[in-house]
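The values are calculated or read from the model by the stated rules, or taken from the named source; none is laboratory data. Nothing here was measured: the structure is a model prediction, and the numbers come from that model. Because the Cβ atoms are built from the backbone with ideal geometry, glycine has one as well, and the counts that use them run over all protein chains shown. Just the protein is used for accessible areas: all its heavy atoms, side chains included, with ligands, DNA and RNA removed. Shrake-Rupley method; radii C 1.70, N 1.55, O 1.52, S 1.80 Å.
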Amino acid sequence: MYRAVVFDFDGTIIDTEKHLFDVINKHLVKHNEAPISLAFYRRSIGGAATELHQYLESLLGSEKKAAIYKEHNDTSSQLPIVETIGNLMAYLKQRHIPMAIATSSHREDILPTFHKLGLDEYIDVIVGREDVSNVKPDPEPYLTAVQQLNYNPTHCLAIEDSVNGATAANLAGLDVIVNTNVMTEEQDFTSVNYIAKDIDFDDIVQRFFEVK
């Protein structure tokens with residue numbers, strides 16, 4: 001049985017990826033610009049999203065780009081926690097298994113949603129972009145999270161939705177479950193050494209926490 005679990009945030013705990021895609025295109029249309037494609041957006045998922053940020057800033061300027069992300073961060077708390085993840089967090093808390101978040105987003109950006117959704121009831125550690133030198137697919141976010149939890153990576157399980165995130169968990173030495181969403185389900189995970197993919201709460205518990 002694993003001694004700790006580290007979750008990705010965007011697209012894993014809540015489906016912020018589809019939400020951000022929709023907010024970006026709403027603002028682009030508002031400013032008489034063409035919407036971005038799903039293929040272009042999907043390339044940004046799970047990492048620094050440098051290409052996407054540069055594109056939006058060159059098209060709209062820094063102030064209008066900032067307004068996109070402000071709306072996204074301000075409204076993400078309206079999204080529901082993914083059912084599998086919510087059930088798993090409740091299960092882990094009941095069994096006193098510590099939990100962390102390792103995200104490529106800025107910690108300060110996700111904190112309002114984190115608190116409004118009551119995730120502080122479950123999560124002991126948050127590692128964000130401002131806490132590391134390199135974001136996913138670099139392993140540093142996961143290595144930092146398990147270090148703060150005071151566990152060896154081999155004793156920790158990661159839950160991810162993207163290739164970049166799952167790669168980071170692999171490189172850090174964690175086993176990883178990949179649970180995709182509508183924005184990541186078409187990514188090519190053949191390079192990822194995951195232990196399970198797209199499984200529900202009951203399967204996670206039976207296969208990895210209540211092994212006879």
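Pairs only if they're at least six apart or on different chains, beta carbon under 6 angstrom, first in segment 197-212 and touching a residue at least 24 places away in the same chain (Cβ under 8 Å), second open to solvent by 50 Å² or more (accessible area, probe 1.4 Å); list them, first residue then second.
Note: pairs meeting the criteria are F201/N87; F209/M1.
Which members of segment 29-48 meet the condition of being within 25 Å of E160 (Cα to Cα), without any contact (Cβ under 8 Å) to a residue 40 or more places away in the chain and not β-branched (V, I, T)?
Once the filter is applied, which keeps residues that are within 25 Å of E160 (Cα to Cα), without any contact (Cβ under 8 Å) to a residue 40 or more places away in the chain and not β-branched (V, I, T), segment 29-48 yields S37, A39, F40, R43, S44.
Taking the residues in segment 1-13 that are part of a strand (DSSP E or B) and at pLDDT 95 or above as candidates, determine which candidate is surrounded by the fewest Cβ atoms within 10 Å (Cβ to Cβ).
Among those residues, the one meeting the criterion is A4.
Right, V192: in a loop (DSSP other than H, G, I, E, B) and open to solvent by 50 Å² or more (accessible area, probe 1.4 Å) or not?
Taking the combined requirement at face value, the residue does not satisfy it.
Given the structure, is K26 without any contact (Cβ under 8 Å) to a residue 24 or more places away in the chain, open to solvent by 10 Å² or more (accessible area, probe 1.4 Å) and not assigned by the TED database to the domain that holds G128?
In short, yes.
Does segment 75-94 hold any residues that are open to solvent by less than 80 Å² (accessible area, probe 1.4 Å) and assigned to a helix (DSSP H, G or I), and which are they?
Listed by number, the residues that qualify are T75, S76, S77, T84, I85, G86, N87, L88, M89, A90, Y91, L92.
Considering I97, I45, I110, which residue is within 25 Å of P141 (Cβ to Cβ), open to solvent by less than 20 Å² (accessible area, probe 1.4 Å), at pLDDT below 95 and not in a helix (DSSP H, G or I)?
Sole residue among the options that is within 25 Å of P141 (Cβ to Cβ), open to solvent by less than 20 Å² (accessible area, probe 1.4 Å), at pLDDT below 95 and not in a helix (DSSP H, G or I): I45.
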